[in-house]
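The values are calculated or read from the model by the stated rules, or taken from the named source; none is laboratory data. Note that the structure is a prediction, hence the values are computed from the model and not measured. A quick note on method: Cβ atoms are made from the backbone with ideal geometry, for glycine too, and the neighbour counts reach across all protein chains shown. Side chains included, ligands, DNA and RNA excluded: accessible areas come from the protein's heavy atoms. Shrake-Rupley method; radii C 1.70, N 1.55, O 1.52, S 1.80 Å.
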Amino acid sequence: MVKTNAPELLRAELESPRWQPQTLVLSGVTDPYQPVERKLQITRGCLEVLAHFRNPVAIITKNHLVTRDIDLLCELATCNAAAVNVSVTSLDQNLQRVLEPRTTSPRGRLDAIEQLRQANIPVGVMVAPIIPGLTDHEVPKILDACAKAGAQFAGYTIIRLPWAVAPLFEQWLKEHFPERKEKVLRRIRNLRGNRLNNSQWHTRMIGEGIFAEQIASLFKIACRRAGIGARPALSCESFRRSTTQLRLFS
(Lines give C-alpha, C1' and ligand atoms only; values in the text may rest on other atoms or scores of the structure.)
Protein backbone atom coordinates (compact mmCIF):
# COMPACT_ATOMS: atom_id res chain seq x y z
CA MET A 1 0.00 0.00 0.00
CA VAL A 2 1.61 3.24 -1.18
CA LYS A 3 0.23 6.76 -0.81
CA THR A 4 2.05 8.30 -3.75
CA ASN A 5 0.35 11.68 -3.29
CA ALA A 6 1.32 12.02 0.39
CA PRO A 7 3.45 15.17 -0.19
CA GLU A 8 0.59 16.89 -2.02
CA LEU A 9 -1.90 15.97 0.71
CA LEU A 10 0.55 17.18 3.36
CA ARG A 11 1.06 20.49 1.55
CA ALA A 12 -2.68 21.09 1.35
CA GLU A 13 -3.09 20.34 5.06
CA LEU A 14 -0.29 22.67 6.16
CA GLU A 15 -1.52 25.42 3.83
CA SER A 16 -4.98 25.31 5.40
CA PRO A 17 -5.71 28.08 7.91
CA ARG A 18 -7.17 25.37 10.14
CA TRP A 19 -3.76 23.75 10.60
CA GLN A 20 -2.25 24.38 14.01
CA PRO A 21 1.54 24.02 13.76
CA GLN A 22 2.73 20.98 15.69
CA THR A 23 5.44 18.34 15.52
CA LEU A 24 4.71 15.56 13.03
CA VAL A 25 6.28 12.12 13.37
CA LEU A 26 7.57 10.04 10.44
CA SER A 27 6.67 7.35 11.33
CA GLY A 28 5.56 5.58 14.44
CA VAL A 29 3.95 2.68 12.57
CA THR A 30 5.72 2.08 9.23
CA ASP A 31 9.39 2.90 8.70
CA PRO A 32 9.58 5.91 6.32
CA TYR A 33 12.90 4.66 4.90
CA GLN A 34 11.99 1.19 3.67
CA PRO A 35 14.03 0.07 0.62
CA VAL A 36 11.32 1.17 -1.83
CA GLU A 37 11.79 4.77 -0.63
CA ARG A 38 14.97 4.92 -2.74
CA LYS A 39 12.76 4.72 -5.82
CA LEU A 40 9.52 6.41 -4.72
CA GLN A 41 11.02 9.25 -2.61
CA ILE A 42 7.70 9.81 -0.84
CA THR A 43 9.40 10.53 2.49
CA ARG A 44 11.77 12.99 0.84
CA GLY A 45 8.81 14.70 -0.82
CA CYS A 46 7.13 15.08 2.58
CA LEU A 47 10.34 16.48 4.08
CA GLU A 48 10.55 19.02 1.25
CA VAL A 49 7.06 20.19 2.16
CA LEU A 50 7.86 20.31 5.88
CA ALA A 51 11.05 22.27 5.18
CA HIS A 52 9.13 24.75 3.04
CA PHE A 53 6.64 25.38 5.83
CA ARG A 54 9.28 24.98 8.56
CA ASN A 55 6.94 22.62 10.38
CA PRO A 56 8.81 20.52 12.99
CA VAL A 57 9.27 16.82 12.35
CA ALA A 58 10.62 13.88 14.34
CA ILE A 59 11.72 10.77 12.46
CA ILE A 60 11.94 7.17 13.69
CA THR A 61 13.79 4.77 11.40
CA LYS A 62 15.89 1.62 11.31
CA ASN A 63 17.52 2.51 8.02
CA HIS A 64 20.69 4.29 6.89
CA LEU A 65 18.75 5.86 3.99
CA VAL A 66 17.77 8.70 6.33
CA THR A 67 21.24 10.14 5.69
CA ARG A 68 20.22 10.83 2.08
CA ASP A 69 17.98 13.62 3.37
CA ILE A 70 20.53 15.34 5.60
CA ASP A 71 20.24 18.48 3.45
CA LEU A 72 16.55 18.92 4.26
CA LEU A 73 16.99 17.88 7.89
CA CYS A 74 19.77 20.46 8.27
CA GLU A 75 17.45 23.13 6.90
CA LEU A 76 14.81 22.21 9.46
CA ALA A 77 17.36 21.84 12.26
CA THR A 78 18.45 25.47 11.84
CA CYS A 79 14.90 26.35 12.95
CA ASN A 80 14.99 23.83 15.80
CA ALA A 81 12.43 21.84 13.84
CA ALA A 82 13.97 18.40 13.30
CA ALA A 83 15.09 15.38 15.31
CA VAL A 84 15.92 11.85 14.24
CA ASN A 85 15.53 8.70 16.33
CA VAL A 86 17.51 5.75 15.00
CA SER A 87 15.98 2.49 16.21
CA VAL A 88 18.45 -0.15 17.39
CA THR A 89 17.08 -3.50 18.52
CA SER A 90 20.32 -5.46 18.78
CA LEU A 91 24.04 -5.11 18.07
CA ASP A 92 24.14 -8.79 17.12
CA GLN A 93 24.10 -8.80 13.32
CA ASN A 94 23.01 -12.43 13.11
CA LEU A 95 19.98 -11.70 15.32
CA GLN A 96 19.22 -8.48 13.44
CA ARG A 97 19.14 -10.32 10.11
CA VAL A 98 16.45 -12.76 11.20
CA LEU A 99 14.56 -10.30 13.40
CA GLU A 100 14.52 -7.30 11.03
CA PRO A 101 15.20 -8.49 7.48
CA ARG A 102 15.80 -5.85 4.80
CA THR A 103 16.81 -3.27 7.41
CA THR A 104 20.21 -1.66 7.93
CA SER A 105 22.86 -3.55 9.90
CA PRO A 106 23.74 -2.42 13.44
CA ARG A 107 27.00 -0.93 12.14
CA GLY A 108 25.10 0.98 9.47
CA ARG A 109 22.72 2.43 12.07
CA LEU A 110 25.64 3.62 14.18
CA ASP A 111 27.10 5.24 11.06
CA ALA A 112 23.79 7.00 10.43
CA ILE A 113 23.91 8.40 13.98
CA GLU A 114 27.46 9.62 13.37
CA GLN A 115 26.55 11.36 10.11
CA LEU A 116 23.48 13.04 11.57
CA ARG A 117 25.40 14.29 14.60
CA GLN A 118 28.22 15.61 12.41
CA ALA A 119 25.59 17.56 10.46
CA ASN A 120 24.32 19.12 13.73
CA ILE A 121 20.95 17.40 13.44
CA PRO A 122 19.57 16.34 16.85
CA VAL A 123 19.83 12.55 16.91
CA GLY A 124 18.96 9.90 19.44
CA VAL A 125 18.43 6.18 19.75
CA MET A 126 15.26 4.19 20.24
CA VAL A 127 16.11 0.87 21.89
CA ALA A 128 13.10 -0.80 20.40
CA PRO A 129 11.54 -3.15 20.66
CA ILE A 130 13.11 -4.66 23.76
CA ILE A 131 12.31 -8.38 23.77
CA PRO A 132 12.58 -9.73 27.33
CA GLY A 133 14.60 -12.91 27.50
CA LEU A 134 16.16 -12.21 24.09
CA THR A 135 17.49 -8.64 23.76
CA ASP A 136 16.98 -6.96 27.14
CA HIS A 137 20.52 -7.81 28.26
CA GLU A 138 21.85 -5.70 25.36
CA VAL A 139 20.34 -2.41 26.54
CA PRO A 140 23.52 -1.03 28.22
CA LYS A 141 25.72 -2.04 25.27
CA ILE A 142 23.35 -0.46 22.75
CA LEU A 143 23.17 2.82 24.65
CA ASP A 144 26.93 2.95 25.12
CA ALA A 145 27.65 2.27 21.43
CA CYS A 146 25.07 4.80 20.26
CA ALA A 147 26.34 7.47 22.66
CA LYS A 148 29.87 6.98 21.33
CA ALA A 149 28.47 7.38 17.81
CA GLY A 150 26.86 10.68 18.81
CA ALA A 151 23.37 9.91 20.15
CA GLN A 152 22.20 12.73 22.41
CA PHE A 153 18.95 11.29 23.76
CA ALA A 154 17.23 7.92 24.02
CA GLY A 155 13.95 6.13 24.49
CA TYR A 156 12.71 2.55 24.54
CA THR A 157 9.63 0.42 24.06
CA ILE A 158 8.80 -3.14 25.06
CA ILE A 159 7.71 -5.48 22.28
CA ARG A 160 3.98 -5.32 21.50
CA LEU A 161 2.04 -8.24 20.03
CA PRO A 162 -1.38 -6.98 18.96
CA TRP A 163 -3.87 -9.10 17.05
CA ALA A 164 -2.27 -11.35 14.41
CA VAL A 165 1.26 -10.34 15.39
CA ALA A 166 1.27 -12.64 18.44
CA PRO A 167 0.96 -15.99 16.57
CA LEU A 168 3.46 -14.77 13.96
CA PHE A 169 5.95 -13.94 16.71
CA GLU A 170 5.39 -17.29 18.41
CA GLN A 171 6.08 -19.05 15.11
CA TRP A 172 9.21 -16.92 14.62
CA LEU A 173 10.49 -17.93 18.06
CA LYS A 174 9.77 -21.59 17.33
CA GLU A 175 11.72 -21.37 14.08
CA HIS A 176 14.74 -19.35 15.21
CA PHE A 177 14.95 -19.68 19.02
CA PRO A 178 13.00 -22.80 20.06
CA GLU A 179 15.05 -23.18 23.25
CA ARG A 180 14.08 -19.66 24.37
CA LYS A 181 10.49 -19.59 23.19
CA GLU A 182 8.74 -20.38 26.47
CA LYS A 183 11.02 -18.10 28.51
CA VAL A 184 10.43 -15.15 26.17
CA LEU A 185 6.66 -15.65 26.07
CA ARG A 186 6.52 -16.07 29.85
CA ARG A 187 8.44 -12.82 30.37
CA ILE A 188 6.15 -10.98 27.95
CA ARG A 189 3.09 -12.24 29.82
CA ASN A 190 4.62 -11.06 33.10
CA LEU A 191 4.97 -7.60 31.54
CA ARG A 192 1.44 -7.60 30.11
CA GLY A 193 -0.78 -8.67 32.99
CA ASN A 194 -0.54 -12.38 32.15
CA ARG A 195 -1.34 -11.70 28.48
CA LEU A 196 0.77 -11.45 25.35
CA ASN A 197 -0.59 -7.99 24.65
CA ASN A 198 -2.13 -5.19 26.69
CA SER A 199 -3.27 -2.10 24.80
CA GLN A 200 -3.71 0.02 27.94
CA TRP A 201 -2.49 3.51 27.06
CA HIS A 202 -0.09 4.21 29.92
CA THR A 203 1.63 0.83 29.97
CA ARG A 204 1.49 -0.59 26.46
CA MET A 205 4.93 0.77 25.52
CA ILE A 206 6.82 0.01 28.76
CA GLY A 207 4.89 -2.83 30.39
CA GLU A 208 4.10 -3.25 34.08
CA GLY A 209 5.29 -5.30 37.03
CA ILE A 210 8.69 -6.24 38.39
CA PHE A 211 10.34 -7.01 35.03
CA ALA A 212 9.13 -3.69 33.60
CA GLU A 213 10.60 -1.92 36.61
CA GLN A 214 13.91 -3.74 36.15
CA ILE A 215 14.11 -2.76 32.48
CA ALA A 216 13.25 0.86 33.30
CA SER A 217 15.95 0.96 35.97
CA LEU A 218 18.50 -0.69 33.67
CA PHE A 219 17.71 1.82 30.93
CA LYS A 220 17.94 4.83 33.25
CA ILE A 221 21.29 3.77 34.73
CA ALA A 222 22.74 2.93 31.31
CA CYS A 223 21.70 6.34 29.93
CA ARG A 224 23.39 8.09 32.84
CA ARG A 225 26.59 6.09 32.41
CA ALA A 226 26.63 6.74 28.65
CA GLY A 227 26.06 10.47 29.13
CA ILE A 228 22.77 10.48 27.24
CA GLY A 229 20.52 13.44 28.03
CA ALA A 230 16.93 14.57 27.56
CA ARG A 231 15.01 14.60 24.31
CA PRO A 232 15.00 18.07 22.67
CA ALA A 233 11.83 20.16 22.47
CA LEU A 234 11.17 21.12 18.87
CA SER A 235 9.83 24.56 17.99
CA CYS A 236 6.93 25.77 15.84
CA GLU A 237 8.02 29.42 16.03
CA SER A 238 9.42 29.48 12.47
CA PHE A 239 6.32 27.95 10.85
CA ARG A 240 5.17 29.82 7.75
CA ARG A 241 2.49 29.47 5.10
CA SER A 242 2.89 30.38 1.43
CA THR A 243 -0.33 32.39 1.57
CA THR A 244 1.05 34.38 4.51
CA GLN A 245 4.19 35.21 2.58
CA LEU A 246 2.17 36.32 -0.43
CA ARG A 247 0.06 38.67 1.68
CA LEU A 248 3.16 40.19 3.22
CA PHE A 249 4.63 41.08 -0.15
CA SER A 250 1.43 41.95 -2.02
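Determine the sum of side-chain charges near Ile60: Lys and Arg each +1, Asp and Glu each -1, restricted to other residues whose C-beta is under 15 angstrom from that of Ile60.
Working: positive: Lys62, Arg109, Arg160, Arg231; negative: Asp31, Glu37, Asp69, Glu100.
That works out to 0.
Taking θ as phi - 60° and the Karplus parameters 6.51, -1.76 and 1.60, the scalar couplings of the range 76-85 work out to 6, 5, 5, 9, 6, 10, 8, 8, 10, 10 Hz in sequence order, x denoting glycine and proline.
Comparing Arg180, Arg231, Arg117 in a Gaussian network model of the chain where C-alpha atoms under 10 Å apart are linked, the largest mean-square fluctuation is found at Arg180.
With a 1.4 Å probe and every protein chain kept in, tell me what percent of the accessible surface of the chain is carbon plus sulfur.
Details: 7090 of 13390 Å².
Solvent-exposed carbon and sulfur of the chain make up 53 percent of the total.
Would you mind checking the tilt of helix 181-191 against the longest principal axis of the Cα atoms of the chain, expressed as 0 to 90 degrees and rounded to 10? Its long axis makes an angle of about 60 degrees.
Helix 6-15 and the longest principal axis of the Cα set of the chain meet at an angle near 60°. What number of lysine-lysine pairs in the chain show an alpha-carbon separation below 28 angstrom, given a sequence spacing of 8 or more or placement on distinct chains? Qualifying lysine pairs in the chain: 17. Compared with the direct C-alpha span, the chain from Val25 to Gln214 gains 65.2 nm at full extension, assuming 0.36 nm per residue. Does anyone have the angle between helix 165-176 and the longest principal axis of the chain? Alpha-carbon axes, 0 to 90°, nearest 10? Computed tilt is about 60 degrees. Ranked by the mean number of other Cβ atoms within 10 Å of their residues, highest first, the peptides 137-147, 192-202 come out as 137-147, 192-202.
Using a/c under 1.5 as the rounded threshold, could you call the chain rounded, prolate or oblate? The axes a ≥ b ≥ c are square roots of the C-alpha gyration tensor eigenvalues, and prolate needs a/b larger than b/c, oblate otherwise.
Details: a/c = 1.95, a/b = 1.77, b/c = 1.10.
Judged from the Cα gyration tensor, the chain comes out prolate (a/c at least 1.5, a/b above b/c).
Quick one: plug the Kirkwood hydrodynamic radius of the range 120-250 (C-alpha pairs) into Stokes-Einstein at 37 °C, 0.692 mPa s, and report D in µm²/s. The Stokes-Einstein estimate is 192 µm²/s.
Taking all protein chains together and a 1.4 Å probe, the residues Leu47, Leu40 rank Leu40, Leu47 from largest to smallest accessible area.
Applying the criteria of a DSSP loop state and at most 12 other Cβ atoms within 10 Å to the trypsin sites (Lys or Arg not before Pro) of the range 1-109 yields Lys3, Arg18, Arg102. Near Arg186: Cβ cut-off under 14 Å, other residues only, Lys/Arg at +1 and Asp/Glu at -1. The net charge is +3. Counted by Cβ distance under 14 Å from Met205, the other residues give a net charge of +2, where Lys and Arg count +1 and Asp and Glu count -1.
Over the range 101-250, with the other protein chains present, what is the accessible area per residue in square angstrom, probe 1.4 angstrom? Show your work: numbers first, answer last.
On the way: 8470 Å² over 150 residues.
Per residue, the range 101-250 has 56 Å² of solvent-accessible surface.
Of the residues Pro56, Pro132, Pro35, the one that moves most in a GNM of the chain with alpha-carbon contacts below 10 Å is Pro35.
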